[in-house]
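The structure appears right after this line, and notes come after that.
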């Protein structure tokens with residue numbers, strides 16, 4: 001006698017649903033009367049904030065410090081930490097705690113979600129992620145406390161240091177500075193600016209990158225190819241974008257800063273636009289070129305398996321190298337002494353197209369609902385899908401429908417378009433038994 005057994009739910013669905021459960025739980029806590037100073041928050045705003053925190057974005061319907069009580073702020077901080085570590089890591093920890101063995105499929109999913117390449121040592125990787133995260137955040141909080149304790153007192157100084165260190169490393173962008181405008185008061189302060197930048201960069205590089213650096217004891221000659229490649233591309237993006245920000249906004253957005261302040265602001269903008277959400281300069285005062293550069297950086301994002309969002313640095317680099325190879329009439333995509341499989345170029349183009357399509361559809365829909373400029377709506381949409389958190393002060397003024405759209409964008413950006421596709425699509429790719437004849441379509 002045969003029984004129909006429902007197929008086991010894929011781990012991709014567990015990941016997608018896991019983030020959803022965390023968000024919903026956070027929204028319930030934030031809607032409680034004692035979570036806000038006003039005695040209550042509309043559920044849509046609570047859901048929006050919970051999504052922004054769990055998806056480490058930073059877009060907010062109102063100021064974090066002035067609206068939420070200490071309880072609400074701690075809920076947000078926990079959501080940021082949970083979102084930064086990633087639901088994949090939490091699931092892996094639970095697997096380890098109950099001593100359940102990882103199957104080949106589960107291990108592959110965990111490694112892929114965390115940005116790794118080897119199926120061995122999943123437990124070691126997860127433990128290293130947790131310990132490394134807490135250690136880096138502690139060091140960051142210690143450095144920030146040097147400035148924040150004199151400014152806010154011992155108790156508040158330590159609390160502010162921990163909150164901003166966690167928020168920076170997780171690339172969340174939530175701040176407790178109130179009406180001062182994120183970290184604008186520290187725009188010319190190298191200690192705060194560079195510490196926050198360092199936390200953002202480390203968090204945005206990805207767990208496997210700094211894990212490999214740790215394994216090799218910082219010796220570049222021993223780094224894996226992926227680590228060298230990502231460090232090179234990330235470094236180029238940081239240096240080039242810093243130079244461009246200086247050129248575009250030397251006498252515009254940075255006009256009121258000294259020479260040292262201009263360089264700090266340019267470095268900060270080049271760093272935070274890669275999905276962090278903090279700012280030291282009001283983006284409404286930036287030049288049009290600076291605005292467009294910020295949108296491009298938000299779209300690219302950080303590295304795979306990191307706390308950052310966007311299409312990812314690896315995706316961007318593979319697309320550029322594929323374009324160069326095509327223009328030079330070469331079949332292979334060579335990077336150094338290695339060759340990239342063409343399937344990765346197809347995947348990179350699919351991710352790029354999916355993100356671009358989602359952003360344009362979302363921006364077009366919001367523009368149809370609201371009366372705001374396309375420039376402001378596009379900035380907000382890219383910021384949401386890229387889980388950045390930078391804003392042109394548009395979010396608080398949006399209607400419920402537009403906030404729901406941005407909420408969906410933040411969720412999709414953090415979980416990942418590929419993860420969602422794999423969660424609700426076919427579990428395995430199947431090759432057609434009969435392949436169709438090849439035809440040529442003119443391109444270009």
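Decide, for region 11-424, between rounded, prolate and oblate: order the square roots of the alpha carbon gyration tensor eigenvalues as a ≥ b ≥ c, take rounded if a/c falls under 1.5, and otherwise choose prolate if a/b is larger than b/c, else oblate.
rounded
Arranged from highest to lowest average of other beta-carbon atoms within 10 Å per residue, in what order do the peptides 151-164, 341-354 appear?
By packing density, highest mean first, the sequence is 151-164, 341-354.
If you find the alpha carbon centre of region 270-312 and of region 163-196, how far apart are they in angstrom?
15 Å
For region 12-54, what relative contact order do you get, as a whole percent, if you take Cα pairs closer than 8 Å and at least 6 residues apart?
Relative CO of region 12-54 lands at 41 percent.
From the square roots a ≥ b ≥ c of the eigenvalues of the alpha-carbon gyration tensor of region 139-289, which class results: rounded (a/c under 1.5), prolate (a/b over b/c), or oblate?
oblate
Take each of the peptides 74-82, 176-184, average the number of other beta-carbon atoms within 10 Å over its residues, and list them starting from the highest.
Ranked from most to least packed, the peptides come out as 74-82, 176-184.
Any idea what the relative contact order of region 11-424 is, in percent, if you count C-alpha pairs under 8 Å spaced at least 6 apart?
That works out to 19 percent.
Using the beta-carbon distance between residue 399 and residue 282 and R0 = 30 Å, what value does 1/(1 + (r/R0)^6) give for FRET efficiency, to the nearest 0.05?
About 0.80, to the nearest 0.05.
List the relative contact order of region 231-385 as a percent without decimals, with contacts defined as Cα pairs under 8 Å and 6+ residues apart.
17 percent
Values in this text are rule-based calculations from the coordinates and carry no lab data. Treat the numbers as computed from the prediction; the structure is a model and nothing was measured. In this analysis, Cβ positions are derived from the backbone assuming ideal geometry, glycine residues included, and neighbour counts consider all displayed protein chains.
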